[in-house]
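Notes for the one structure printed next.
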Amino acid sequence: MKNELKNVIIAGLIFGLLFGIALAFLFDIKSSVIIGSVTGLLFGLALHLFMHSKAVKRQTEIVVNDGEEIVHSGAANHLKNKEAVGGKLYLQKDKLEFQSHNYNIQNHNQKINLSEIKEITFYNSIGIIPNGLAIIKRDGKTEKFVVNGRRIWKEKIEKLTVAS
């Protein structure tokens, strides 16, 4: 929750800054700073409310069979054909599963058996934000996710892959 709040605040600040800079070309600096700050706060609040809406929670739920348990889960984006598909990532004892919400172009469900994972590395989204998790599979394909707490994700996945 702490990482999620931090990321929502950062997203709001970046949006507000960029919007303020764009407005500076149309209005005076004082108005641009005020409007940019307010829109940044509103963007961050809207993002938080969207992520916690009942519709998104319902759309990103997965079916967990008897005897299975969710070890770790959280909001995530799955990079698929240049789209950051929003949804939720789940770690179970034998697989990693992503379920998108319906507000994407490429809605999908992606399952990766832990036995398929060769390596887990980090990357920075848009080159500077340290929130990327790359799952390198044994077949050479890489699946990229943007997550909160990527170190925790890596530790938990690696702990289960070593145990299996």
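General observations
- Residue match in region 131-152 (condition: small (G, A, S), touching a Lys or Arg at 6+ places or on another chain (Cβ under 8 Å) and at negative phi): yes
- Residue match in region 4-14 (condition: in a loop (DSSP other than H, G, I, E, B) and within 30 Å of I136 (Cα to Cα)): no
- Test for S37: is it under 17 Å from L13 (Cα atoms) and among the hydroxyl-bearing types (S, T, Y): yes
- Criterion applied to N113, N81, N148, N77 was being among the polar types (S, T, N, Q) and free of Cβ contacts under 8 Å to residues at least 24 places away in the same chain, and the one residue passing it is N113.
- Residue match in region 16-30 (condition: buried (at least 17 other Cβ atoms within 10 Å of the Cβ) and touching an Asp or Glu at 6+ places or on another chain (Cβ under 7 Å)): no
Coordinate-derived values only; no laboratory data. Source: prediction; values computed, not measured. All Cβ positions, glycine included, derive from the backbone under ideal geometry; neighbour counts span all protein chains shown.
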